[in-house]
Amino acid sequence: MDVKDANGNKLLDGDTVKLIKDLKLKGTSTILKRGTTVKNIRLTDDANEIDCRINKMSLVLRTEFVKK
C-alpha cells in the first residue's frame, strides 16, 4: 500500500511532515497552525490517514493536509 502526501511524495514510518493548512481539532478549541512540523509519523491501515503526536496529543491526520 502506497501512502502519499498532498504533493504525491511517498510517506514511510518515521518520516517528518509539515501541515499545509490550519486545522481545527474537533471537540477542542485547539487549532493546529499551517507549517507545524510533525515528527515520527506512523502509517495506519488506511492509505489516507497517518498516526502522529502533536503537543503530547495522539492524533490521526489525513494525508491530504501534510507534505514531506
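Can you tell me which residue among D2, D46, D22 is modelled with pLDDT of 95 or more and acidic (D, E)? Lay out the reasoning, then the answer.
Working: D2 fails: modelled with pLDDT of 95 or more; D46 fails: modelled with pLDDT of 95 or more.
None of the other options fit; the residue is D22.
Keeping to the range 43-68, report how many residues are touching a Cys at 6+ places or on another chain (Cβ under 8 Å) and surrounded by 13 or more Cβ atoms within 10 Å (Cβ to Cβ).
Within the range 43-68, residues that are touching a Cys at 6+ places or on another chain (Cβ under 8 Å) and surrounded by 13 or more Cβ atoms within 10 Å (Cβ to Cβ) number 2.
Taking the range 10-20 as the region of interest, how many residues are surrounded by 13 or more Cβ atoms within 10 Å (Cβ to Cβ) and not acidic (D, E)? Give the derivation first.
Start the filter on the range 10-20 by keeping residues that are surrounded by 13 or more Cβ atoms within 10 Å (Cβ to Cβ), which leaves 11, 15, 17-20.
Checking which are not acidic (D, E) leaves us with 11, 17-20.
Summing the residues that are surrounded by 13 or more Cβ atoms within 10 Å (Cβ to Cβ) and not acidic (D, E) in the range 10-20 gives 5.
The values are calculated or read from the model by the stated rules, or taken from the named source; none is laboratory data. As the structure is a computational prediction, the values presented were derived from the model and not from experiment. Methodologically, a virtual Cβ is constructed for each residue, glycine included, from the backbone with ideal geometry; neighbour enumeration extends over all protein chains shown.
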